[in-house]
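K.L.:
This is the structure, below, for whatever I ask next.
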Amino acid sequence: MKKWQFLSGLAPKPPDWKIDWIEIENSALSPWIAKMKGVLQNPLWHGEGDVWIHTMMVCEELTAMSDWRMLDSKKREELFVAALLHDIGKIPCTHMENGAWISPSHSVVGSRMAREILWLEFGFCGEPNMLNFRETVCTLIRYHSVPMHILEREEPERCAAKMASVGRLAGDFSLRMLWLLSSADMRGRICSDKKEVLEAVDLFRLLAEESNCLEMPLIFPDSWSEYAYLSGKNILPGQKLFDDSWGEVILMSGLPGTGKDTWIKTYADGYAEISLDKIRQRMHISPEDNQTAVINDAKEQAKAYLRKQIPFVWNATNLTPMTREKQIRLFTDYHASVRIVYLETEWEEQMRRNAGRQNAVPEAVIRNMLRKMSLPERFEAHEVHWICI
């Protein structure tokens with residue numbers, strides 16, 4: 001049995017729906033489980049004890065829910081793995097502040113940790129079904145704390161639509177699945193305000209249902225209008241916006257060795273190219289050195305193409321939302337449409353390709369990149385594609 005099959009097989013099955021905690025604690029997850037057992041929580045919100053006790057309670061609550069049991073087996077597996085890992089980010093994020101345990105940003109950090117674990121330890125990478133499973137899990141972890149607080153947001157409907165849009169890329173993800181995880185998270189704890197927080201989570205479900213994005217992403221007239229709404233433009237969800245772009249800029253994304261150069265030669269041969277690797281070689285700057293001069297050179301090239309309205313490819317790793325946002329803001333300021341193309345492959349194949357490059361990136365550097373990586377989400381550009389090659 002492959003490692004990924006073992007992990008997905010941990011989800012309880014009918015007719016007894018029993019969780020085998022001994023098997024789980026003795027699995028490849030054991031190093032992280034051991035750490036969760038030592039992470040304390042604020043007793044005001046988590047009277048049950050440490051993170052692992054809470055995690056077990058959440059899993060038991062989830063698997064007892066009839067809505068979870070009625071899902072197909074793959075979605076049950078994805079949700080169960082997400083429940084197992086939903087608070088893994090508390091391991092590095094938890095600290096004492098003003099006499100209380102807090103875990104700021106643990107959802108975001110936890111989603112990246114889960115991606116690294118699923119990618120390297122269990123082989124969830126390089127194939128569409130593996131990518132879909134992994135990113136459904138990671139997206140559930142990333143947003144599992146949002147439902148309880150969504151009505152406090154300035155625009156809760158737009159927030160819900162942005163989260164739901166991930167379902168265009170991670171096909172199994174939906175706000176219904178997010179509601180199930182968040183509901184189990186609230187049930188699997190000992191606190192004085194459980195009734196109130198469960199009501200808040202159920203209001204999230206009602207909001208998503210009324211906004212027509214509970215089961216699937218919200219429907220838009222076209223991708224241009226979808227990006228406009230999701231990026232914060234003052235338009236209605238169903239409003240069709242005039243496309244005033246002159247052409248396209250392709251923003252590549254992916255770890256070193258995933259085949260970006262090959263994809264560009266095959267699918268974007270007629271585009272100009274701005275390659276950060278080539279700029280580094282020309283300027284004799286290592287990928288591990290300060291990249292300011294490289295980025296500035298690339299931006300000047302981009303501005304020249306944008307002023308002349310010449311379509312081009314920005315060829316770099318672009319692994320974080322902050323990095324991508326800076327480039328996309330520049331491109332859209334010049335009225336270009338933006339397509340993000342994210343590529344990935346199996347880990348062993350990626351290492352083989354990287355080793356064959358003229359300037360191979362050390363494996364330790366690639367692992368560090370993976371640790372920090374967040375895949376591009378649907379709302380980041382006019383078009384977003386995840387491709388396994």
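No lab work stands behind these numbers, since they all come straight from the coordinates. For clarity, every value in this text was computed on a predicted model and none was experimentally measured. Glycine also receives a Cβ, built like all others from the backbone with ideal geometry; neighbour counts cover every protein chain displayed.
K.L.:
If I take every Cα pair under 8 Å that is 6 or more residues apart in region 248-388, average their sequence separation and divide by the length, what percent do I get for the relative contact order?
P.N.:
Worked out over region 248-388, it gives 39 percent.
K.L.:
List the residues whose amide H sits under 5 Å from the amide H of Phe173, counting only those 5 or more places along or on another chain, with H placed 1.01 Å from N in the peptide plane.
P.N.:
none
K.L.:
Okay, next question. Given Cα positions, please report Rg to Rh for region 275-389, the hydrodynamic radius being the Kirkwood one.
P.N.:
0.96
K.L.:
Viscosity 1.002 mPa s, temperature 20 °C: what is the translational diffusion coefficient of region 86-152 from Stokes-Einstein with a Kirkwood Rh over Cα pairs, rounded to a whole number of µm²/s?
P.N.:
167
K.L.:
Using only the Cα atoms of region 192-338, each taken as one equal point scatterer with no solvent, compute I(q) by the Debye sum, divide by I(0), and report log10 of the ratio at q = 0.15, 0.18, 0.20 Å⁻¹.
P.N.:
-0.88, -1.09, -1.25
K.L.:
Now for a separate question. Let me see the P(r) profile for region 114-161: every Cα-Cα distance counted, bins of 5 Å, each bin given as a percent of all pairs.
P.N.:
The percentages, shortest bin first, are 5, 21, 21, 15, 11, 12, 11, 4.
K.L.:
Sort His284, His335 so that the residue with the fewest other Cβ atoms within 10 Å of its own Cβ comes first and the one with the most comes last.
P.N.:
By the 10 Å Cβ count, ascending: His284, His335.
K.L.:
Taking θ = phi - 60°, what integer Hz values does the Karplus form 6.51 cos²θ - 1.76 cosθ + 1.60 yield along region 234-239, in sequence order, with x for Gly and Pro?
P.N.:
7, 9, 7, x, x, 6
K.L.:
Contact order normalised by length for the chain, with contacts defined as Cα pairs under 8 Å and 6 or more residues apart; what percent is it?
P.N.:
16
K.L.:
A further question on this structure: Determine, for His54, His95, His149, the number of other Cβ atoms within 10 Å of each Cβ, and report the residues in order from fewest to most.
P.N.:
His95, His149, His54
K.L.:
Can you compute the helix-only [θ] at 222 nm over the chain? Use -39500 (n - 2.57) per DSSP H run of at least 4 residues, normalise by all residues, nearest 500 deg cm²/dmol.
P.N.:
-14500 deg cm²/dmol
K.L.:
Continuing with this model, one more query. Per residue, how much space in cubic angstrom lies within the convex hull of the C-alpha atoms of the chain?
P.N.:
155
K.L.:
Report the gain in length on full extension from Asn368 to Ala304: 0.36 nm times residue separation, minus Cα-Cα distance, nm rounded to one decimal.
P.N.:
19.7 nm
K.L.:
Moving on. Compute, for region 248-388, the length of the dipole vector about the Cα centre, with Cβ point charges of +1 (Lys, Arg) and -1 (Asp, Glu) only. Units Debye, rounded to 20.
P.N.:
The dipole of region 248-388 has a size of about 300 debye.
K.L.:
Could you work out the relative contact order of region 259-321? I mean the mean sequence separation of Cα pairs under 8 Å and 6+ apart, divided by the number of residues, in percent.
P.N.:
Rounded, it is 49 percent for region 259-321.
K.L.:
Turning to a different aspect of this structure: Compute the Kirkwood hydrodynamic radius of region 1-77, taking the inverse of the mean of 1/r over all pairs of distinct Cα atoms, and give it in Å to one decimal.
P.N.:
13.8 Å is the Kirkwood radius here.
K.L.:
For the charge dipole of the chain, defined by +1 on Lys and Arg C-beta atoms and -1 on Asp and Glu C-beta atoms about the Cα centroid, which residue among His149, Gln358, Leu375 has the Cα displaced farthest towards the positive pole?
P.N.:
It is Gln358, whose Cα lies furthest towards the positive end.
K.L.:
On to the next question. Distance check, please: which entries in Lys3/Lys75; Lys2/Lys75; Lys18/Lys75; Lys74/Lys194 exceed 22 angstrom between their Cα atoms?
P.N.:
Lys74/Lys194
K.L.:
Ok, one more. For region 85-240, what number results from the quotient of the Cα radius of gyration and 2.2 N^0.38 Å?
P.N.:
1.11
K.L.:
Another question, if that's okay. State log₁₀ I(q)/I(0) for region 1-139 at q = 0.19, 0.21, 0.22 Å⁻¹ as given by the Debye formula over alpha-carbon point scatterers of equal weight, solvent excluded.
P.N.:
After summing over all Cα pairs, the log10 values are -1.16, -1.37, -1.46.
K.L.:
Can you say what percent of the DSSP beta bridges in the chain, counting only those with both residues inside, are antiparallel? Round to 5.
P.N.:
Of all bridge pairs located within the chain, approximately 15 percent are antiparallel.
K.L.:
Name the residue from Leu230, Pro321, Cys191 whose Cα lies farthest towards the positive end of the charge dipole of the chain, charges +1 on Cβ of Lys and Arg and -1 on Cβ of Asp and Glu.
P.N.:
About the Cα centre, the residue reaching furthest to the positive side is Pro321.
K.L.:
What are the extents of the Cα atoms of region 256-306 along their three principal axes, listed from largest to smallest and rounded to whole Å?
P.N.:
31, 28, 14
K.L.:
Follow-up. Could you compute the FRET efficiency for Met283 and Lys233, with r as their C-beta to C-beta distance and R0 at 51 Å, rounded to 0.05?
P.N.:
0.85
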